[in-house]
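Where a number appears in this text, it was derived from the coordinates with a stated rule and is not lab data. Predicted model only: the values in this text are computed from it and were never measured. For neighbour counting, all protein chains shown are included, and Cβ atoms are generated from backbone atoms with ideal geometry for every residue, glycine included.
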Amino acid sequence: MLLKVNPMTAGPEQEHLRLLSIFHYVWGGVTLATSLLALPHIGMGWWALQSPELFESGGDMPAELYGWMFLGFGLFFLVAGLIYGLVVIWVGRCLAKRKGYWFSFIVACFECLMVPIGTLLGVFTLITLSKQTVKELYGRP
């Protein structure tokens with residue numbers, strides 16, 4: 001559950017953390033949904049492995065290699081996308097509960113690699129977490 005923040009009594013840092021938490025939930029959900037785009041590649045690879053005669057074109061690449069490549073890359077991107085999406089949602093939870101300062105900070109650094117939305121979210125998270133008043137909210141000296 002997100003922390004209830006009264007905008008009249010809360011400082012701007014608490015509002016920033018609340019918004020960043022929401023944006024992390026949304027970005028994590030978008031990432032999870034996008035990772036499902038790997039499923040057709042996994043299906044194509046599986047199909048090529050089960051029916052290689054349909055994929056033989058007389059070229060240099062055998063159908064089995066084609067199938068393993070599609071299956072391998074599809075599985076890699078599916079698993080990587082699911083893990084990344086769940087970690088981003090977890091950071092949103094940490095921001096809402098004011099826990100896991102360094103975990104959130106490190107994930108925000110990695111988010112900067114996901115151009116353009118992840119970069120914006122990561123930079124704003126790093127800026128917010130670097131403020132002294134936010135560190136105090138986390139109980140850091």
(message) Let's test the formula: R0 of 25 Å, r as the Cβ-Cβ distance of residue 22 and residue 112. What FRET efficiency results, to the nearest 0.05?
(response) 0.85
(message) Starting from the 7 Å offset along Cα-to-Cβ, what nm value, one decimal, do you get for the label separation of residue 135 and residue 65?
(response) 5.5
(message) To test your reading of the geometry: what angle, between 0 and 90 degrees and rounded to tens, separates the Cα axis of helix 63-97 from the longest principal axis of the chain?
(response) 10
(request) Quote the Stokes-Einstein diffusion coefficient, in whole µm² s⁻¹, for the chain, based on the Kirkwood radius over alpha carbon pairs, a temperature of 20 °C and a viscosity of 1.002 mPa s. (result) 125
(request) Specify the inter-centroid distance of segment 91-107 and segment 24-49, based on alpha-carbon positions, in whole Å. (result) 26
(message) Can you show me the helix-derived [θ] at 222 nm for the chain, built from DSSP H runs with n ≥ 4 at -39,500 (n - 2.57) apiece and divided by the number of residues, rounded to the nearest 500.
(response) -24000 deg cm²/dmol
(request) Taking 7 Å along the Cα-to-C-beta vector as the label spot, tell me the residue 44-residue 102 distance in nanometres, rounded to one decimal. (result) 4.3
(request) Measure nothing fancy, just the Cα-based angle from helix 101-111's long axis to the longest principal axis of the chain, in degrees from 0 to 90, nearest 10. (result) 40
(message) Cut-off under 12 Å on the C-alpha distance; same-chain residues fewer than 8 positions from residue 135 excluded. Which aspartates and glutamates are left, in chain and number order?
(response) 13
(message) Starting from the 7 Å offset along Cα-to-Cβ, what nm value, one decimal, do you get for the label separation of residue 30 and residue 90?
(response) 2.2
(request) Report, to the nearest 10°, how far helix 12-35 tilts away from the longest principal axis of the Cα atoms in the chain, using its own Cα long axis and a range of 0 to 90°. (result) 10
